[in-house]
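Take a look at the structure set out below.
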Amino acid sequence: MRAEYVTDRSGPHRLAVLFAAILIAFLSIGLLNPAPAHAQDDETYVIATDTTFAPFEFQDEDGEFVGIDMDLLRDIAKDQGFQVDIKPLGFDAALQAVQANQVDGVIAGMSITDERKKVFDFSDPYFESGVQMAVLDTNNDINDYEDLRRQRVAVKNGTEGATFAESIKAKYGFETVYFADSSSMYDEVKTGNSVAVFDDYPVLAYGITQGNGLKTVTPKEKGASYGFAVNKGQNAELLSKFNAGLKNLKESGRYQEVLDTYLGEDAVAADNSFFGLLKSTFPLLMEGLKMTVILTIISIACALVLGVIFGLMRVSRSIWLRAIGTTFVDIFRGTPLLVQAFFIYFGIPAALGFEMSAFTAGIITLSLNAGAYMTEIVRGGILSVDKGQMEASRSLGVGYLPTMRKVILPQAVRTMIPSYINQFVITLKDTSILSVIGIAELTQTGRIIIARNFQSFQMWLIIGIVYFIVIMALTKLSDRVEKRINK
């Protein structure tokens, strides 16, 4: 009996096969996924854009991405006879997507600078920008740059406003603090943590018409030009088409019509009361919630499979399988989810030369991250079962995996259920991280809406209520399931 126990290695071998199958499955998801970055034919281009830069790009009440950039791009595409597939990623992610060849080009109110020219090829300028300073509309103390001494000023990453603020802050003695989007900058001023904001004048003007609570106090400073960009040395034909279409739009007068639509007197605010916002944004929020739930369910199901496999490895008698399980847990518990998302979406495809959709990358990221935590949940559940159960089963000649499947795991499940439900809730909230790669889940949908109406307090309150309702419903459901299983 002892010899049989020692030589029976079917368990570790089967675990190794399962581990290899999981790796192949995840690689297949990325490798076999339809290419998102280059369209299905030669006349369609995938273009990345920002998500929160009104009036240049933002989402309207119908969920369509509109704005100066969006309208110009679509009109140019129509004029030149090609199609565009818009990918709203956020400014930083959009630039990385172009460099990683995940998309063909980017239009996102992007200033043409000498530094960027080293990395991107730009079109002819399509908008001449400028920078202004704004303060709270009730602030009568800050009227000039001289009044900023020993104060904090809010700016946005990668903008002309940030560049201008940095160029004068030593002279006027103020401190700059950076934010990822305009609405966050404006909120910084409204809370009193900063006294002023530097931003592109059309963005400020649009925000003021939408009730962002600010006013401009300085004349417009000369800024850089905005341009459409492609990766250095690539997509020259697309760049040529953009320039030709832009020229035709200016000659026909359509270019000025687009600017007047968003910067003219007709760009008025909508109903921004709490119930007005709830009514107008509810369909979009439900779409975001739907994406959040889909991501969570698929990811947690994959994580459970990974957790069982690597959990069994963690308690295996094989030192190599234990090492594999430990390495998996250490990697994905020891690195931030944000870094994992960027690495999987941008890093791996660029390094291996294939393309992956943001949805696929999001599922893989959440699955691997939650799988690492599920591994420890499974390991803890297995170790909570008395060792005598394994020894008794093996003494009867039952194999390692059958014993785990029929004897150990059924008893361990009761211990694991509360932790599993908790991980489900954590994964649901972690979906918000995936906004960095352009997935419009609930949190990202809220940010996109706020970029349009600048009503951050009321919108975050609405989103918080939605999350609370969903998570409380899941918690109550899990309590009932746990009680029924324990019976």
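Observations on the structure shown:
- Scope the stretch 50-80; condition open to solvent by 50 Å² or more (accessible area, probe 1.4 Å) and part of a loop (DSSP other than H, G, I, E, B); matching residues: Glu61, Asp62, Glu64
- Among the residues of the stretch 305-330, those identified as open to solvent by 20 Å² or more (accessible area, probe 1.4 Å) and within 16 Å of Ile408 (Cβ to Cβ) are Val308, Arg314, Val315, Arg317.
Every residue, every condition in (1) over 24 Å from Pro55 (Cα atoms); (2) in contact (Cβ under 8 Å) with a residue 24 or more places away in the chain, yes or no:
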residue	(1), (2)
Ala412	yes, yes
Ile417	yes, yes
Thr431	yes, yes
Ile437	no, yes
Gln444	no, yes
Arg447	no, yes
Ile450	no, yes
Met459	no, yes
Gly464	yes, no
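- Residues in the stretch 127-159 that are of a type in the set (A, V, I, L, M, F, W, C) and assigned to a loop (DSSP other than H, G, I, E, B): 1 in all.
- Lys290 meets each of the listed conditions (1) charged (D, E, K, R); (2) buried (at least 16 other Cβ atoms within 10 Å of the Cβ); (3) without any contact (Cβ under 8 Å) to a residue 12 or more places away in the chain apart from (2).
- One residue from Lys87, Lys118 being in contact (Cβ under 8 Å) with a residue 24 or more places away in the chain, basic (Lys, Arg) and closer than 27 Å to Thr261 by Cα: Lys87
Here is a yes/no grid of residues against (1) outside any helix (DSSP H, G or I); (2) open to solvent by 10 Å² or more (accessible area, probe 1.4 Å):
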{"site": "Asp187", "(1), (2)": "no, yes"}
{"site": "Leu204", "(1), (2)": "no, no"}
{"site": "Gly207", "(1), (2)": "no, no"}
{"site": "Gly211", "(1), (2)": "yes, yes"}
{"site": "Lys215", "(1), (2)": "yes, yes"}
{"site": "Gln234", "(1), (2)": "yes, yes"}
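- Residues of the stretch 399-449 that are of a type in the set (S, T, N, Q), buried (at least 19 other Cβ atoms within 10 Å of the Cβ) and over 19 Å from Ile463 (Cα atoms): Thr403, Gln423.
- Filter result (open to solvent by less than 30 Å² (accessible area, probe 1.4 Å) and either in contact (Cβ under 8 Å) with a residue 40 or more places away in the chain or of a type in the set (Val, Ile, Thr) (or both)) within the stretch 161-176: Ile168, Thr176
- Number of residues in the stretch 447-466 that are modelled with pLDDT of 80 or more and touching a Leu at 6+ places or on another chain (Cβ under 7 Å) equals 5.
- Residue in the stretch 335-348 that is touching a helix residue (DSSP H, G or I) at 6+ places or on another chain (Cβ under 6 Å) and among the polar types (S, T, N, Q) present: yes
The values are calculated or read from the model by the stated rules, or taken from the named source; none is laboratory data. The structure presented is a predicted model; accordingly, all values stated were derived computationally and were not measured. Positions of Cβ are backbone-derived with ideal geometry, glycine not excepted, and every protein chain shown enters the neighbour counts. These area figures cover heavy atoms from the full protein model, side chains too; ligands, DNA and RNA do not enter into them. Shrake-Rupley method; radii C 1.70, N 1.55, O 1.52, S 1.80 Å.
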